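The values are calculated or read from the model by the stated rules, or taken from the named source; none is laboratory data. None of the values given here were measured: they were computed from a predicted structure. Glycine gets a Cβ as well: all are built from the backbone with ideal geometry, and neighbour counts include every protein chain shown. With ligands, DNA and RNA removed, areas are computed over all heavy atoms of the protein, side chains included. Shrake-Rupley method; radii C 1.70, N 1.55, O 1.52, S 1.80 Å.
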Amino acid sequence: MKITRVEPFHVNWGAGRSRSAWIRIFTDAGLWGLGEASPMMHGNASLEIIASAFTPALLGADPMEVRVIQDRLFHEHIKVGPEGAYAAALAAVDIALWDLKGKALGQPVWKLLGGAWRRELPFYASIGGNGRRTVDEVCRVVEQWLELDPAQVKIRFDADKTTRDADLAGDIAKARAVRTLVGDGFPLAFDSNNGYSVQGAIRVGRALEELGYVWFEEPVQHYHVESFAKVAAALDIAVSAGEQEYTLQGIKRLIDAGVDIVQPDIVKTGGFTGLGDMAALARAYGVDLVPHQTQPSIGHTANLHFVAALTHSHHPAEYNGPREIQDVVFKTPVRPTRGKFVLSDAPGLGLELEEAELKKRMVPWESSAFRRE
Ligand code: CA
């Protein structure tokens with residue numbers, strides 16, 4: 001089997017919305033695989049890297065050789081990366097190749113990864129935008145989410161990354177109100193989105209410890225690894241980070257700094273292949289890996305397959321919420337049932353497209369800076 005066509009494209013979900021950056025990889029066997037890159041700035045940079053840098057190396061390759069392909073692509077143009085959009089482009093290719101591999105073998109990806117510890121996956125509600133809400137508004141939004149039966153709730157503050165410690169007392173008040181709302185014992189997590197100084201983070205972290213939160217996510221700027229070390233050393237609560245790391249070495253730096261939970265993302269870190277290496281690294285150090293993932297269809301499904309096959313995974317999977325707008329391009333929308341996402345035996349990722357609906361929204365990526373002869 002050989003790769004005959006690589007098709008990076010946007011899916012335009014409508015004016016004002018972030019476009020998705022997807023890819024299809026076609027073969028001479030008539031099969032294709034579907035992948036997704038991180039949608040930062042609509043994934044433009046990743047789509048361009050796929051179109052101009054990766055496609056020439058992919059055409060003619062055997063799609064079953066996913067690891068060789070990833071290592072080759074990673075090193076071929078490494079000076080363009082290896083972080084950010086570059087790693088996300090690798091991720092899109094890798095996810096599509098695993099989908100393709102599953103279809104070629106007639107097996108779901110979770111089985112090819114070694115099998116599933118569980119096929120019904122609990123999730124945690126990942127609730128953003130709480131910095132702008134009042135205490136009462138935060139509680140109302142959490143209440144709405146509880147109707148979906150999450151196993152855990154995470155409140156995110158989506159901070160302005162150019163400010164610090166904007167409202168420590170207000171953030172703590174919201175954390176306390178949510179604890180009162182859900183009652184003692186219900187698992188809660190808190191995500192500052194890089195909003196605090198070391199001192200601010202320690203103050204909030206001590207409040208979260210008192211309130212029984214499970215983890216404290218990205219308390220400081222992601223690139224201040226030494227600050228993570230100080231915060232992690234000062235607090236008993238699990239400190240988590242990693243959604244802004246793209247390489248195995250980046251995750252190792254966080255682990256070395258004392259971060260307790262690492263959160264790399266399958267659409268940013270080289271897909272199943274890249275994330276699998278990070279899982280092995282985390283396991284070697286006894287650190288939990290709880291992947292970050294907020295893309296509602298392909299990214300989310302790929303993440304569920306990964307998490308199902310992950311050894312020692314006792315935390316729920318991230319779920320950023322139903323987005324009806326994306327449901328229409330799939331025969332079966334990706335939704336939880338009674339608090340769980342259920343993985344099927346369908347080959348590959350198990351996602352079936354409504355081709356006509358996708359076609360209406362599909363915008364082929366046309367490389368502007370470079371055209372092959
Ligand atoms: Ca986060």
- prompt: Is one or more of the residues making up the stretch 46-61 open to solvent by 10 Å² or more (accessible area, probe 1.4 Å) and within 22 Å of the chain's Cα centre (by Cα)?
  reply: yes
query: Pairs under 6 Å by beta carbon, first residue under 12 Å from L304 (Cα atoms) in the stretch 107-127, partner among the small types (G, A, S) and open to solvent by 50 Å² or more (accessible area, probe 1.4 Å), six or more apart or different chains?
result: none
- line: Heads up, the strands (runs of 3 or more DSSP E) in the stretch 1-40 (entirely inside) with at least 3 residues that are at pLDDT below 95 and open to solvent by 20 Å² or more (accessible area, probe 1.4 Å) are none
- request: Go through the stretch 128-144 and give me each residue that's touching a residue at least 60 places away in the same chain (Cβ under 8 Å) and either under 30 Å from L343 (Cα atoms) or away from the ligand (no atom under 16 Å from the Cβ) (or both).
  value: G128
- request: Residue by residue through the stretch 72-106, note down the ones that are under 22 Å from T4 (Cβ atoms) and without any contact (Cβ under 8 Å) to a residue 12 or more places away in the chain.
  value: none
message: I'd like the residue in the stretch 184-202 that is aromatic (F, W, Y) and within 16 Å of the ligand (Cβ to nearest atom) and, out of all such residues, is farthest from V153 (Cα to Cα).
response: Y196
- request: Kindly indicate whether any position in the stretch 321-338 is more than 26 Å from L358 (Cβ to Cβ), of a type in the set (K, R), at pLDDT below 95 and assigned by TED's automatic domain parsing to the domain that holds F157.
  value: yes
message: Looking at G258, G205, G250, can you tell me which residue is within 16 Å of the ligand (Cβ to nearest atom), small (G, A, S) and more than 20 Å from I155 (Cβ to Cβ)?
response: G250
field: Boolean, T273 is in a loop (DSSP other than H, G, I, E, B) and at negative phi
entry: no
task: Check whether at least one residue in the stretch 248-270 is over 30 Å from I78 (Cα atoms) and open to solvent by 20 Å² or more (accessible area, probe 1.4 Å), and report yes or no.
output: no
